[in-house]
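S.K.: Quick one: structure below, then a few questions.
The values are calculated or read from the model by the stated rules, or taken from the named source; none is laboratory data. From a predicted model like this one, the values you see are computed outputs, not experimental measurements. Here the Cβ positions follow ideal geometry from the backbone for every residue, glycine too, while neighbour counts run over all protein chains shown. Each accessible area value is taken on the protein alone, full model and side chains, heavy atoms only, with ligands, DNA and RNA left out. Shrake-Rupley method; radii C 1.70, N 1.55, O 1.52, S 1.80 Å.
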Amino acid sequence: MYSGEMKKIIIVVVGALLNAIAMNFFLIPANVYASGFTGVAQLLSRMIGSFAPFNVSTGILLLLLNIPVTIIAWRKVGKSFTFYSFLSVALMSFFMEIIPITRWSPDILLNAVFGGVIAAVGVGITLKYGASTGGMDIIAMLLSRKKDKPVGTYLFLLNGVIIVTAGAVYGPEKALYTLVTLYTSTRVVDAIHTRHEKLTAMIITKKSEELKQAIHAKLVRGITRVPAKGAFTNETKEMLLIVITRYELYDLEKIIKEVDPHAFTNIIETSGIVGTFRRE
């Protein structure tokens, strides 16, 4: 158990470091904007520096933006998920403060692509190990508890505001290169983890009862048990069918590995659900 938690913390640290590197070495020097709360913090920092007699760093603004969301999530979402998410944000803010902002390349396109890729690797591995990078991921979790609408819509609207504002204030070129960063990062996150909010797991196992109890001890999700039989071995098994959110995927995979490492599991993306799906 402790080794699993330590591994999770290490992944969160590495993910935060990669995000900070992407920001301070590529995106901030090129004035290309990231997605979500990070992009908002970056844009606010630039605007404050341009129109106010003082400066506030992107890292500090990112931390401040996440505090109210984290307080709500602590009560509504769950302490473990919220703790690791805020830890990721706090570490990213810390790394952004101690890593000097350095322009590695004068080519804005290279900065947009490499910044998007490196940031997405950080986000992807953090999501894959059951945490998040805060901001929109926490809001996504809150919304998934309340309504069954695609969170991508809200993320698209927020990113749209960032792109339009960047284009209006700093010129259309910045908006276009920001689009390159957003597209690149989305594709990389998709490859490492998934952008789908809901997933369906089909687990074929000989230990259906033990697995069912272990899943229910960790996740409050309905499970459908379907009789199954191996076509080659003729062994009698059962298939457990369960729909989860992407934030529960790490816990589910961990449970399956502990209870029945020989189970065959197929994870598929779920575009929609008709019927009851627990949100609270």
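S.K.: Just name the residue that is least open to solvent (accessible area, probe 1.4 Å) out of those in the range 213-227 that are without any contact (Cβ under 8 Å) to a residue 40 or more places away in the chain and closer than 15 Å to Asp251 by Cβ.
M.R.: Top of the filtered list is Leu219.
S.K.: Residue under question is Lys198, and the condition is that it be of a type in the set (D, E, K, R), at pLDDT below 85, touching a strand residue (DSSP E or B) at 6+ places or on another chain (Cβ under 9 Å) and under 25 Å from Ala119 (Cα atoms); does it hold?
M.R.: Values: of a type in the set (D, E, K, R): yes; at pLDDT below 85: yes; touching a strand residue (DSSP E or B) at 6+ places or on another chain (Cβ under 9 Å): yes; under 25 Å from Ala119 (Cα atoms): yes.
The answer is yes for Lys198.
S.K.: State which residue pairs qualify: first residue free of Cβ contacts under 8 Å to residues at least 12 places away in the same chain and closer than 13 Å to Thr82 by Cα and inside the range 118-141, second residue assigned to a loop (DSSP other than H, G, I, E, B) and open to solvent by less than 10 Å² (accessible area, probe 1.4 Å) in any location, beta carbons under 8 Å apart, and separation of 6 or more residues or different chains.
M.R.: Hits for this filter: zero, empty list.
S.K.: Test of understanding: among Phe81, Phe86, which residue is at pLDDT 85 or above, aromatic (Phe, Trp, Tyr) and within 17 Å of the chain's Cα centre (by Cα)?
M.R.: Working: Phe81 fails: at pLDDT 85 or above.
Testing whether each residue is at pLDDT 85 or above, aromatic (Phe, Trp, Tyr) and within 17 Å of the chain's Cα centre (by Cα) leaves just Phe86.
Yes/no matrix, rows are residues, columns are (1) out of contact with any Cys (no Cβ under 9 Å at 6 or more places or on another chain); (2) open to solvent by less than 30 Å² (accessible area, probe 1.4 Å); (3) among the basic types (Lys, Arg):
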residue	(1), (2), (3)
Arg75	yes, no, yes
Thr82	yes, yes, no
Ala90	yes, no, no
Ser93	yes, yes, no
Met96	yes, yes, no
Thr102	yes, no, no
Ser105	yes, yes, no
Leu110	yes, no, no
Val117	yes, no, no
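S.K.: Something else about it: How many residues does the range 24-75 contain that are charged (D, E, K, R) and within 20 Å of Phe95 (Cβ to Cβ)? Step through it out loud before you land on a result.
M.R.: Filtering the range 24-75 for residues charged (D, E, K, R) gives 46, 75.
Still in the list and also within 20 Å of Phe95 (Cβ to Cβ): 46.
Counting residues in the range 24-75 that are charged (D, E, K, R) and within 20 Å of Phe95 (Cβ to Cβ) gives 1.
S.K.: Can you tell me which residue among Gly134, Gly122, Gly116, Gly130 is at pLDDT 85 or above, under 11 Å from the mean Cα position of the chain (by Cα) and not hydrophobic (A, V, I, L, M, F, W, C)?
M.R.: Details: Gly134 fails: at pLDDT 85 or above; Gly116 fails: under 11 Å from the mean Cα position of the chain (by Cα); Gly130 fails: at pLDDT 85 or above.
Exactly one of Gly134, Gly122, Gly116, Gly130 is at pLDDT 85 or above, under 11 Å from the mean Cα position of the chain (by Cα) and not hydrophobic (A, V, I, L, M, F, W, C), namely Gly122.
S.K.: Within the set of pairs 6+ apart or on separate chains, which have a first residue in the range 177-189 that is under 16 Å from Arg246 (Cβ atoms), a second that is charged (D, E, K, R) and not in a helix (DSSP H, G or I), and C-beta atoms under 7 Å apart?
M.R.: From the range 177-189, the pairs are Thr186/Arg195; Val189/Arg195.
S.K.: State yes or no: is Leu182 open to solvent by less than 30 Å² (accessible area, probe 1.4 Å) and within 21 Å of Glu258 (Cβ to Cβ)? Spell out the reasoning first.
M.R.: Details: open to solvent by less than 30 Å² (accessible area, probe 1.4 Å): yes; within 21 Å of Glu258 (Cβ to Cβ): no.
Answer is no for this residue.
S.K.: While we're here: Name every residue in the range 45-86 that is within 19 Å of Glu248 (Cα to Cα) and in a loop (DSSP other than H, G, I, E, B), in order of residue number.
M.R.: Answer for the range 45-86, where residues must be within 19 Å of Glu248 (Cα to Cα) and in a loop (DSSP other than H, G, I, E, B): Val77, Gly78.
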